[in-house]
Every structure is written in structure tokens, then in C-alpha cells.
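Data first, discussion second: the structure below is written as C-alpha cells.
The values are calculated or read from the model by the stated rules, or taken from the named source; none is laboratory data. Not measured: the values here are computed from a predicted model. FYI the Cβ positions are ideal-geometry reconstructions off the backbone, even for glycines, and counts take in every protein chain you see.
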Amino acid sequence: MAHCSTFIFRTHAMRHSSSCLVLAAVLALPLSLAGCTPVGVAVGAGATVGSVALEERGFEQGVKDRVTEAAISKSLFDYNLDAFADVGVEVVEGRVLLTGRVDKPEHRVEAVRFAWQEEEVVEVINEIRVGTSDDALADRGKDAWIATQLRTKITLDSQVKAVNYSAEVVDGTIYLFGIAQNESELKRVVAHARTIENVRRIVPDYVRMKDDPSRAG
């Protein structure tokens, strides 16, 4: 089974009637699917709807992303739970980041196909690896520890808005995802990641800047 972070959705954060309808759709999905990842951590409090209003992407977009994330995960698991049990899904502003492992190349392709079936998706980033780890259980334990350490470090850093970041860790590789206030902030997050034991690689490429023109609309 996949290693998942289970997130609590708080309805008291609802502000707009249109967003309430989207949130209802999230609540109708199994909680175990929302934000489900191999070793994924929504850094800070970003995993809850209660904190979505604090995120750079805004409350309504954040809830839409949660719905899309859960729907993709559900589609993958409904299609073949064994094949996609170790695949993680993160969605930020319609951009989908797929991470984890599958046994066959065709499963990697299928994951992308399922992601594109959701109408809110504007981009799919495929970092899924093909093949099994030599010591999967030990690797998962290390990955979980890395993710927890990173979450703690950037949450305690007053110069980082941790709520805007998520991190997927696969075999010691940290995939950063989200929205940075500026390059300086992102460099601080990367610097924190470099201090963590057993980190093999850091991929910050998928974090967008707050003022990135591509975020418009």
C-alpha cells in the first residue's frame, strides 16, 4: 500500500459559496485519497483546507487543486491499485506533479493519461520512476524522515512562507513544488534541504515564482 499523509479538511475556512460547492466535492472523496503520496508532505499546514486561504494560490484555486489531486489518485487506484500504490500526486494551480515508482513503463504512461483526463489540469510533470528499489521499506523510512525534517526546518524559518511549498521525497530525491515569494526564498528552502542527511538530490525546478507571468489567469 502507498504511504500517505492523511489530511483533515476543515469546513470553517469556507468563504465563498462557489468554493463551498468545490469543497463539498472534496469531502465526498475518501480522505485516504486526498493528498495521498508515496512519501509526500505538504510542508507547513498547506495540506488542510483551513490553510488554503493563506496560500499564494488563493482559497478557491487551492480547493480546486485538492479536488483534482484526489480525483487523479482515485482514478489511478480504481484502475490498478497494485500498479499505482507508490505513485504520488500533487497539484498546484492546475499543474500536476507525478512522483514515485511503477513496475512497468506502460504504467508510467497511463498515469499521465489519467492526469490529463481532469479538466482543471494545465500541465503534467512526470517524475515517476520505473523499477523497484533494492530495499523499498528502508528507503521509505528514510524518505519519510527527510520529508519531516524539511517540513520542520522551513516551517520554523520566518523568512519562508512554508504554506506555499510541498515536497515529495523518492529514494532520497526531494522534489519541491509550489510557489516561492522570490528566488531568495527558494534558495533558503534548498539550503535547508541540503543540510538533511541521506538527501541525494534536490529538484527545485517545479517551483514557480509569485510574480511569474505564466500564473496570470
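Go over the candidates N126, N182 one by one and state the one that is closer than 18 Å to E93 by Cβ and either within 19 Å of the chain's Cα centre (by Cα) or not polar (S, T, N, Q) (or both).
On the way: N182 fails: either within 19 Å of the chain's Cα centre (by Cα) or not polar (S, T, N, Q) (or both).
Among N126, N182, only N126 is closer than 18 Å to E93 by Cβ and either within 19 Å of the chain's Cα centre (by Cα) or not polar (S, T, N, Q) (or both).
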message: Going residue by residue through the range 154-167, is there one that turns out to be touching a Leu at 6+ places or on another chain (Cβ under 8 Å), assigned by TED's automatic domain parsing to the domain that holds I72 and assigned to a helix (DSSP H, G or I)?
response: no
Residues of the range 146-193 being in contact with a Pro (Cβ under 9 Å, 6 or more places away or on another chain) and charged (D, E, K, R), in sequence order, are E168, K187
Only one of (1) of a type outside the set (S, T, Y); (2) assigned to a helix (DSSP H, G or I); (3) surrounded by fewer than 16 Cβ atoms within 10 Å (Cβ to Cβ) does not apply to L150, and that is (3)
Out of curiosity, is L97 touching a strand residue (DSSP E or B) at 6+ places or on another chain (Cβ under 8 Å) and within 22 Å of V160 (Cβ to Cβ)?
-> yes
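Matching residues to (1) part of a helix (DSSP H, G or I); (2) of a type in the set (S, T, Y); (3) at pLDDT below 95; (4) within 14 Å of the chain's Cα centre (by Cα):
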residue: Q61; (1), (2), (3), (4): yes, no, yes, no
residue: T68; (1), (2), (3), (4): yes, yes, no, yes
residue: S73; (1), (2), (3), (4): yes, yes, no, yes
residue: D82; (1), (2), (3), (4): yes, no, yes, no
residue: V91; (1), (2), (3), (4): no, no, no, yes
* Asked: Taking W145, is it surrounded by fewer than 15 Cβ atoms within 10 Å (Cβ to Cβ) and within 18 Å of the chain's Cα centre (by Cα)?
  -> no
Q: Confirm whether I125 is buried (at least 19 other Cβ atoms within 10 Å of the Cβ), modelled with pLDDT of 95 or more and on the phi < 0 side of the Ramachandran plot.
A: no
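Might you check whether a residue that is part of a loop (DSSP other than H, G, I, E, B), surrounded by 19 or more Cβ atoms within 10 Å (Cβ to Cβ), modelled with pLDDT of 95 or more and not assigned by TED's automatic domain parsing to the domain that holds S166 occurs anywhere in the range 26-47?
No: zero hits.
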Here the residues within the range 168-190 that are buried (at least 19 other Cβ atoms within 10 Å of the Cβ) and part of a helix (DSSP H, G or I) are E185, L186, V189
In the range 191-201, residues that are surrounded by 15 or more Cβ atoms within 10 Å (Cβ to Cβ) and over 17 Å from V170 (Cβ atoms) total 1
Over the range 50-104, the set of residues without any contact (Cβ under 8 Å) to a residue 12 or more places away in the chain and either in contact with a helix residue (DSSP H, G or I) (Cβ under 9 Å, 6 or more places away or on another chain) or crowded, with 20+ Cβ neighbours inside 10 Å (or both) is G58
